[in-house]
């Protein structure tokens, strides 16, 4: 039996995404990895022969090993998880320390993405505060709906809303940062909660709300507070499921003379001029 026939027989037996994922994981680990300098596999992103330098950073490696977030989890058993996304945030945070202003995240979920950032930059030494904004109570009907957010998959909206309404999230995030006086957690609807609680000057803005309405609302409130050179990261920008967010962000930034960089991590990146 030749190799093509063997592959045809293998593919014919695959009856579900989970079965396919198991085969993909094994192919990467057993057939691809041995023939490459490096392999990074996680968050639906496969890289071959890249430096993946952040994995050599002992502080990053130690912090990443402590994370248990469900962000980015898929049917694949990919060992690197959201490491590349986190690397983007760390790069943005380190550069933000050279810019005037505080740090802001809108859309906190379990808090572990922002927690890793606090492990990689010394907020206290830099005199910065990290503001974390979230409803901790799902989507607000004032700004979000299946029709405006994911008209191609209304079930996705309902699924995320149920996850984000978990009553354990808010106390979990509060406990995560209980010993960090440089982190401020604000519970409330974005963008409404931003008007009085967001800092006057911002060097780092991470938007991860899985909904175009509140993200554009947040930009409307916060953009003029971002210092020149400040970094904006749009977590959901490049994911096909969140195509409405990309369309809304592209239009909003184009009006201000910016083009969003789509990254293979699914993130979008803008550096304010």
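Each reported figure results from applying straightforward, stated rules to the coordinates on display, with no laboratory input. Just so it is clear, the structure is predicted and the values come from calculations on it, not from any experiment. Methodologically, a virtual Cβ is constructed for each residue, glycine included, from the backbone with ideal geometry; neighbour enumeration extends over all protein chains shown.
What to note about this one:
- Members of region 232-248 that are under 30 Å from residue 128 (Cβ atoms), in contact with a helix residue (DSSP H, G or I) (Cβ under 7 Å, 6 or more places away or on another chain) and part of a helix (DSSP H, G or I): 245, 248
- Region 194-226, subset in a loop (DSSP other than H, G, I, E, B) and buried (at least 19 other Cβ atoms within 10 Å of the Cβ), residue nearest to the chain's Cα centre (by Cα): 208
- Here residue 264 clears all of (1) surrounded by 15 or more Cβ atoms within 10 Å (Cβ to Cβ); (2) more than 19 Å from residue 152 (Cα to Cα); (3) in contact (Cβ under 8 Å) with a residue 24 or more places away in the chain except the condition numbered (1).
- Number of the condition not met by residue 95 [criteria: (1) touching a residue at least 60 places away in the same chain (Cβ under 8 Å); (2) in a helix (DSSP H, G or I); (3) under 28 Å from residue 171 (Cβ atoms)]: (3)
- Of all residues in region 108-129, those satisfying the criterion of being in contact with a strand residue (DSSP E or B) (Cβ under 8 Å, 6 or more places away or on another chain) and part of a helix (DSSP H, G or I) are 113, 114, 117, 118, 123.
- Only one entry of 257, 229 meets the criterion of being in a strand (DSSP E or B), closer than 23 Å to residue 101 by Cβ and more than 13 Å from the chain's Cα centre (by Cα), and that entry is 229.
Residue-by-condition table, conditions (1) surrounded by fewer than 22 Cβ atoms within 10 Å (Cβ to Cβ); (2) farther than 30 Å from residue 273 by Cβ; (3) in contact with a helix residue (DSSP H, G or I) (Cβ under 7 Å, 6 or more places away or on another chain):
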site	(1), (2), (3)
77	yes, yes, yes
93	no, no, yes
108	no, no, yes
135	no, yes, no
138	yes, yes, yes
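- Tally, over region 95-104, of residues that are buried (at least 23 other Cβ atoms within 10 Å of the Cβ) and in contact with a helix residue (DSSP H, G or I) (Cβ under 6 Å, 6 or more places away or on another chain): 0
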